[in-house]
Amino acid sequence: MSDEDPTLLASILEDLKAHGRDWTKPGFRAMAVYRFGVWRMSLEPRAARMAFGPLYWSAFRFVRNMYGIEIPYSAKLGRRVIVEHQGGIVVHGNAEIGDDTIIRQGVTIGNKNLDEPLDAPKIGARVNIGAGAKILGKLSIGDDAAVGANAVVVGDVAPGTTVVGIPARELPKKG
């Protein structure tokens with residue numbers, strides 16, 4: 001994730017551009033609600049945060065219930081994260097996702113065991129996550145990696161590699 005912290009409006013405009021400048025896309029709307037939630041939590045004093053609470057929670061529930069995209073404000077998402085399609089997307093509140101990562105429908109980024117409810121994945125920058133992928137537990141996915149459709153990732157993934165299958169295994173490099 002970037003060290004630079006853009007304003008709420010700048011973040012939303014950047015996400016809009018990343019989503020093809022289409023404000024009607026559910027993925028863009030989910031990201032806008034996420035950015036609003038993060039912004040809301042930066043407000044001081046606490047009363048200011050509370051004033052925006054009902055608006056955030058209404059928008060969060062709308063996106064979750066209408067589009068099936070659940071990205072809580074407590075997750076740490078980088079810039080220009082793209083939610084490519086709607087439906088069945090769940091991101092753990094402690095997950096970290098780097099800049100320019102693509103998330104498709106049916107993706108779960110969450111914990112692996114009920115005994116470890118705070119464990120969540122750390123996903124690098126420019127990671128391509130295929131439809132239906134499950135990324136579970138306290139693990140790390142390196143920059144520029146790719147997770148194949150329906151893969152179940154339960155261990156670390158090195159930067160620049162592609163993993164597929166259940167459990168996910170690295171594809172051999174060509175050449």
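Structure notes:
- Tensor-based shape of segment 1-58 (alpha-carbon gyration tensor, a/c under 1.5 rounded, otherwise prolate or oblate): oblate
- Estimated dipole of the chain in Debye, rounded to 20 [Cβ of Lys and Arg +1, of Asp and Glu -1, Cα centre]: 460
- Full extension of the segment from M50 to D5, taken as 0.36 nm per residue of separation minus the current Cα-Cα distance, would add 14.0 nm.
- With the simple model of a label 7 Å out from the Cα in the direction of the Cβ, S42 to D156 spans 3.2 nm.
- Charge sum, other residues only, whose C-beta stays under 13 Å from I135's C-beta, Lys/Arg counted +1 and Asp/Glu -1: +2
- Taking segment 8-170 and dividing mean pair separation by its residue count, relative contact order in percent (alpha carbons under 8 Å, at least six apart): 14
- Sequence-distant aspartates and glutamates (8 or more away, or on other chains) whose Cα lies within less than 17 Å of K138: E96, D115, E116, D119, D156
- Pairs with C-alpha atoms separated by more than 27 Å, drawn from the list K134/K174; K17/K173; K17/K76; K17/K112; K122/K173, are K17/K173; K17/K112.
- L171 paired with A149, simple spin-label distance in nm, labels 7 Å along Cα-to-beta-carbon: 1.2
- A convex hull fitted around the alpha carbon atoms of segment 8-170 yields 105 Å³ per residue.
- Alpha carbon centroid spacing (whole Å) that separates segment 6-43 from segment 63-97: 12
- Taking label points 7 Å from Cα along the Cα-to-Cβ direction, N65 and N113 give a separation of 3.6 nm.
- DSSP-defined antiparallel bridges as percent of all bridges, segment 8-170, nearest 5: 10
- GNM flexibility winner over the chain from F36, F52, F60 (Cα, springs under 10 Å): F52
Quick note: the coordinates plus some simple rules give every number you see, no bench work behind them. The shown structure was predicted, so the numbers you read here are calculated from the model rather than taken from an experiment. We place every Cβ from the backbone using ideal geometry, glycine too, and count neighbours over all the protein chains shown.
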